[in-house]
Amino acid sequence: MHLVLQVILGLIAAVAIAAPLALVLTTPRVVVHKRPHVVISKRVVPRTELPAVEPVRIQEVAPDDARSINDSIPFSTLPNPAARPFRITGATESQIRAIDCLAAAVFYEAGDDTVGQRAVAQVIVNRMRHPAFPKTICGVVFQGQERSTGCQFTFTCDGAMVRWGPRPAAWQRARDVARLALNGSVYAPVGHATHYHTDWVVPYWSASLEKITEVHTHLFFRWAGWWGTPPAFRGGYAGAEPNIAKMARLSTAHFGDPDAPLTPMADLSTGAIIDPATIPESAVPPPMTVESGGTAEGNNFMLTLPKGMSADAFAALAIRTCGERHYCKFMAWVDARQTPARLPLSSAQVSTMSFSYLRDQSQGFAKALWNCEQFKRPSPVQCMRAQPPALTPAVAPAVEAKLPTPLTGVRRKGEIAAPEDADAAPSPASAPRKQVTLTLPGAKATPAPTPAAKQ
């Protein structure tokens, strides 16, 4: 009996050891996922410092982790006022360029979804009004397009526009959304948002901004502090949209080879990129002084264009020079010998002007014009009006003063008629008519009345 008990206890002990061992050997290995380090920036840019526009850089985070991180960032509890309506100005061709650039952005960023497209369009209009961004719609959309890692909207630098495009009906719907956004329509839920991203990615800047709303799978942000408030959105629209070669595939208002590589405008010589933000500060001329005909506000600029600068870059230089001014007059010549020193201009100086740009926001006007005798332009609406050549005033030839020819045959009182020369025998052809001397009788004196004789 004692032996049987020992055997039973041994079996129990063997099972107690074998069972856990079997579980360890047969249970699948569980890998504990360690979330990677995420860079979080919470710096609020002070009002005295213009916030930097950082390129789009996505942190290496799995989609599920990205959603978890994004959920941990609370929505702002501060007021979210709607943006002011924006109405585009400028030449018709420039307006079409803006519509098409905005249509491309809303389609490639939000797909064929009207609500998402309206949200994206509002962000782009907000950016255009903010001092940290370019002052044109196309400039905002294609900012940083020349760098594969520096573009603000990924479709402009990842080849998406070359690989595929919208169907005609979808493209028309995108253009309708863009046209409304540029003619007073406001998508209020995104307020003054200048940034957004999908909820399955984590950009480096996301935690430094205020999360204000969500539209489908997109989260929308504005700058924290003063730069996210309505007064910060004071920038004026430049009014002259740049040509974007990549848009030529979608828009007849843009021209160029969409497959051609673009190079940065480092030396202002290529003209390939005409975003005003790419113009270096060193190329911006000083305003005219009051002594030379300028204004006290510094709104007038007169200069010689940089040597070798492409004509396509003239407008970018003007817009960069005018900056945030509501009124600005920019006049430029390619020949320093023809550049005037002061205002006003003579007709000859106007006729040699190479480029002009005028902005007057009080009238909703902004226009860039080229001297098309010097630079060939794709459209005549970009050409200055031809100036008539300066005429040298004609000098009238000297005329010898002559007294009026006196009437022949009339002898005035006090004149003595010359006696006829009887010996002169003029030829019949030249013989003058026989003069008839008329003597005009003088006025007779009226006799004074004689008093009657006394009787």
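The values are calculated or read from the model by the stated rules, or taken from the named source; none is laboratory data. Keep in mind the model is a prediction, meaning the values are calculated, not measured. We place every Cβ from the backbone using ideal geometry, glycine too, and count neighbours over all the protein chains shown. Ligands, DNA and RNA are stripped out before the accessible areas are found, and what is left, the full protein with its side chains, is counted by its heavy atoms. Shrake-Rupley method; radii C 1.70, N 1.55, O 1.52, S 1.80 Å.
Results, tabulated for the structure shown:
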read-out: For segment 307-359, Kirkwood radius (reciprocal of mean inverse C-alpha pair distance, Å); value: 12.0 Å
read-out: Highest to lowest packing among 108-119, 3-14, scored as the average C-beta count within 10 Å; value: 108-119, 3-14
read-out: Subset of Lys135/Lys376; Lys307/Lys329; Lys211/Lys246; Lys135/Lys329; Lys135/Lys307; Lys135/Lys211 violating a 23 Å alpha-carbon distance limit; value: Lys135/Lys376; Lys211/Lys246; Lys135/Lys307; Lys135/Lys211
read-out: Of all accessible heavy-atom area on segment 79-223, the percent that carbon and sulfur account for (1.4 Å); value: 53 percent
read-out: Accessible area per residue, Å², segment 291-383 with all protein chains present, probe 1.4 Å; value: 48 Å²
read-out: For segment 97-205, accessible area per residue (1.4 Å probe, heavy atoms of protein chains only), Å²; value: 31 Å²
read-out: Amide H within-cut-off set for Cys383, under 5 Å, with H built and near neighbours excluded; value: Trp370
